[in-house]
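Colleague: Sharing a structure with you now.
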């Protein structure tokens, strides 16, 4: 890997494009290095994973609305498929990216990568696949495009923290998807360079979407980024340019949105820039794109930082017969977990039994209470209003607090894969003075966990989440197509769609489209 220094430069410096991060990203996208077998296999796993969670959410309101909007943009020639619909029903690719991206994200149950920032790199699949279908590309083309999308996305997340500046993490997703589409289509470096810059410029939004009363926009945000990426590439293929340099410029994203610009000097005479602010890793020429292998999926439908703690709750519940015998539960965890999904967020909604599902899946207090009581986790039942409002659950839930522990924050940001961890240590204090203490660093499904996910687990997850929604024949057909994606020829990628039986798809309320 090569490390690139990314900092703000004044306009008069005339920073050459060869030194700009967007140009280097475009260089990675145009590198024709072969995709390794392990990477192709993992991409196939994630195609299956995305379809699983999308179909499980197919008739939830945000997904229904997104599908309704997409169907207002039908396109018979050069269109892309929409999850749930027959493969013959196609829409303009940016709208397919919108509908399918919303379906994938709605349950918050697909893959994840956490480092300086956090991400769901599987969000790259809907826009890249939509363009591949619309442009008649092959399965091998798709795999190459997705390898790039994952590579760029994950490496941006390794280096540039967005959430500390209250910027939503789709700002890393949109440029990555644009780069992935560029690889898919075999575009020139100049076109991808401009596309990446347009994608970043148009996708800056803020973290209020994941703060307070979290709405359905949490699912729409990455879908919107995918749609923006498709549109950015389309414009740049037609010869249009972009604001440049988008990362390093005097009025760029780093300069004003992130932390690349300081105050004026002591006499207020000039602007001062922070030196060497970001160190961004990217593969060098001829180096395989392997970043996807560092990501991991979710076994449970909840924020990733809760995955290990759910598994820990299952373990700690043994021997507890009376929930009211508990005086307090303290979760010692990382800074991020404490301040984003813990009591450090200071969001009263995270303690409200009437809160939305999107809010509850960002409340580790709620999640740990239900996992402790039930010994299981279900993507629907565990969030049901009746379940959230159960009196004994509310009492237990309100006895739980999180505390930042420096050792867990250090492990959360560790660059050593053997010590990297996203869990915590839990103390259950009982009214009789006894206590129970246990800890877990990574979820069971994590590559270093007790039961790492393999192909059979991805297929099992797909069959479990789609059971009763699609036919057995359709499930088997899709799995066969996904596992054989490398043999799909140009124009055959509609096989990666999943259709519901006729008459079972919910219809959207009317809108403008």
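Colleague: I want to verify the translational diffusion coefficient of region 85-221 in µm²/s; compute it with Stokes-Einstein, Rh as the Kirkwood radius over Cα pairs, at 37 °C and 0.692 mPa s. Could you put the intermediate results ahead of the total?
Modeller: Details: Rh = 15.3 Å.
Here the translational diffusion coefficient equals 215 µm²/s.
Colleague: Below 8 Å, C-alpha to C-alpha, sequence gap of six or more: please give me the relative contact order for the chain in percent. Don't skip to the answer; put the middle values down first.
Modeller: Values: 1060 pairs, mean separation 113.7, N = 513.
Reported relative contact order: 22 percent.
Colleague: Continuing with the same structure: Report, for region 304-440, the % of DSSP beta bridges that are antiparallel, rounded to 5. Please report the intermediate quantities before stating the final value.
Modeller: On the way: 13 of 18 bridges.
Antiparallel bridges: around 70 percent, rounded to the nearest 5.
Colleague: Could you please tell me the mean projected area of the C-alpha convex hull for region 160-228, averaged over all directions and given in square nanometres to one decimal? Before the final figure, lay out each step's value.
Modeller: Working: hull surface 19.0 nm².
If I average the Cα hull's projected area over directions, I get 4.8 nm².
Colleague: Rounded to the nearest whole Å³, what is the per residue volume of the convex hull around the Cα atoms of the chain? List each step's numbers first, then the result.
Modeller: Numbers: hull volume 79.2 nm³, N = 513.
Cα convex hull per residue, to the nearest whole number: 154 Å³.
Colleague: Taking Cα centroids, how far is region 180-236 from region 106-177 in Å?
Modeller: Their Cα centres are 9 Å away from one another.
Colleague: Starting from 0.36 nm per residue, how many nanometres of slack lie between residue 431 and residue 36 once their C-alpha separation is accounted for? Mind dumping the intermediate values first?
Modeller: Numbers: separation 395, 0.36 × 395 = 142.20 nm, distance 5.57 nm.
Extending this stretch completely gives an extra 136.6 nm.
Colleague: Sorted from largest to smallest, which semi-axis lengths in Å does the alpha carbon gyration tensor of region 304-440 give for its equivalent ellipsoid, taking the root of 5 times each eigenvalue?
Modeller: Details: eigenvalues 101, 64, 37 Å².
Semi-axis lengths for region 304-440 are 22, 18, 14 Å.
Colleague: For a test of the definition: using alpha carbon positions, the gyration tensor, and the 1.5 limit on a/c, classify region 330-406 as rounded, prolate or oblate. Spell out each step's value before the answer.
Modeller: On the way: a/c = 1.79, a/b = 1.60, b/c = 1.11.
Prolate is the answer for region 330-406, as a/c is 1.5 or above and a/b outweighs b/c.
Colleague: For the chain, what does -39500 (n - 2.57) per DSSP helix run (n ≥ 4), summed and divided by total residues, give at 222 nm, in deg cm²/dmol to the nearest 500? Present the calculation step by step, with values, prior to reporting the outcome.
Modeller: Numbers: 18 runs with 210 residues, N = 513.
Taken over the chain, the calculation gives -12500 deg cm²/dmol.
Every number in this text was worked out from the coordinates using simple rules, so none of it is lab data. Source: prediction; values computed, not measured.
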